[in-house]
Every structure is written in structure tokens, then in C-alpha cells.
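Here's the structure we're looking at; comments come further down.
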Amino acid sequence: MSNRRVDEDKRATLRRFAALGAATPLVGLGGGDDGEDDSSGSSDARDAIVGYVASTPGAHFSKVRDDLQLGTGETQYHLRNLVDDDTLEVRRDGDYKRFFPASRFSEFEQVALGYLRRDTPRGMLVHLLRDPDATGSELADRLGVSRATVSTYAKELDAVGLLSREDGYAVRNPETVITLLIRYADSFGSDAAAFADDAAELIRFDP
């Protein structure tokens, strides 16, 4: 792919997400800090980040950078300013920093979104919402992972309040998890999209 095509693709991506970001309250209030020139390109990048995080809440730094085709320094600069001016907020998740629109999500929702952005935990939650009686071995078979992997993630999900292991496995606050899966299905994997398509039958989840 030529450099010209790469630049055109980058501009199209930025414009698409900038349209979402420009409509977000407070966006742009932190522009121009640290003496950096707040050019049109810089503004587009900042607005695109806001729009991207609004549609992909819980995305970590590398995903924001890569999906928007921005440089590392450029992404760091804008994310720092957007957090400083309270447009975005950041939550540490192990080795990741995950970004959210400020004051939009509860602590539980932020934790849930973080795990829904991981393939195996999301797969476990989706399968348990579909089949509350699924065992650890069944989850492992369906996800193509080891039983030990399922057990490890089950412990993590239990520790953060997303899963109960008292009598088999059960999703905690299932209505909230379902809502997040449906609302942001396009930003997750194909399993979430398929789940959203079947949401009408699952919205009255009763384990």
C-alpha cells in the first residue's frame, strides 16, 4: 500500500471518529496545552480519540493508537490532555490503561468493559449468559482453551465481582453485562455481535 493510500485511510478514519468526538461535551477544551500548536490536524486527532473512546469504552492505549493510526507520542499527548481536562478518565487494568468517557460508567461497568475486551473472559460471560448451566469443561471446549485457563479467569472474574462460583458459574449483575454487550457489540468480537442479534430472547435472563 502506498504512503498516499495510507494517509488517505488515516484521514478517513480520523474524520469518521472525529464526527462523533466533536459532538461530545467538553471536547476541545484541553487543546493547545504545553505549547503545542492546535492545528486542524491536531484537533481532528483529539476529536477522533474522544469519538473512538465513546464508541469503544475500555479500549487500552495501544488499541486507541493503532486503530486510529496515530503515533505513540501524538496519542500520549492527546490522551493526557483529555484526562487532565476531564473529558476522559483512565483506569489501570493490570498492564493496561483503559480509557472511558468521563463520568459515564460506574466502577462495576468499567471493570466489566475491561474484561469484555478480553477474548476469553468475554467468551465465558457470553456463553454463561446463553447457558447458565455450562460447566468449566464445557466452557473450555466451546472456547478452545484449557480447563486451567477457564479456572484462572473464573477466579479473576469472581474476585472483581463479575462471576459467582458458589454453585457452578453464574454471571453477577447480568442485566448490566447484557446491556454493555448489546450497546457496544460492534466494538467487541463476533461472539458479542451474535449475542446482540439474539438479545430479544436473552434480555430476561434468569439463571
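Just the accessible area for K97, please: 1.4 Å probe, Å², rounded to the nearest 10?
K97 exposes around 100 Å² with every protein chain in place.
Add +1 for every Lys or Arg and -1 for every Asp or Glu among the other residues with Cβ under 12 Å from the Cβ of T75, and state the total. List each step's numbers first, then the result.
Details: positive: R46, K63, R65, R80, K97; negative: D66, D67, E74.
Charge balance in the 12 Å sphere: +2.
For the residue pair D198 and D119, what label-to-label distance in nm results when each label sits 7 Å from Cα along the Cα-to-beta-carbon direction?
2.0 nm
Using the eigenvalues of the Cα gyration tensor, what equivalent ellipsoid semi-axes result for segment 108-202 when each is taken as the square root of five times the eigenvalue, whole Å, largest first? Please report the intermediate quantities before stating the final value.
Values: eigenvalues 71, 41, 32 Å².
Semi-axis lengths for segment 108-202 are 19, 14, 13 Å.
Which whole-number percentage describes the relative contact order of segment 108-202, with Cα contacts under 8 Å and a sequence gap of 6 or more?
So the answer I get is 29 percent.
The values are calculated or read from the model by the stated rules, or taken from the named source; none is laboratory data. All figures in this text were calculated on a predicted structure; none of them were measured in a lab. Here the Cβ is made from the backbone with ideal geometry for all residues, glycine too, and neighbour counts use every protein chain on show. We work out accessible area using only protein heavy atoms, side chains counted, and drop any ligands, DNA or RNA first. Shrake-Rupley method; radii C 1.70, N 1.55, O 1.52, S 1.80 Å.
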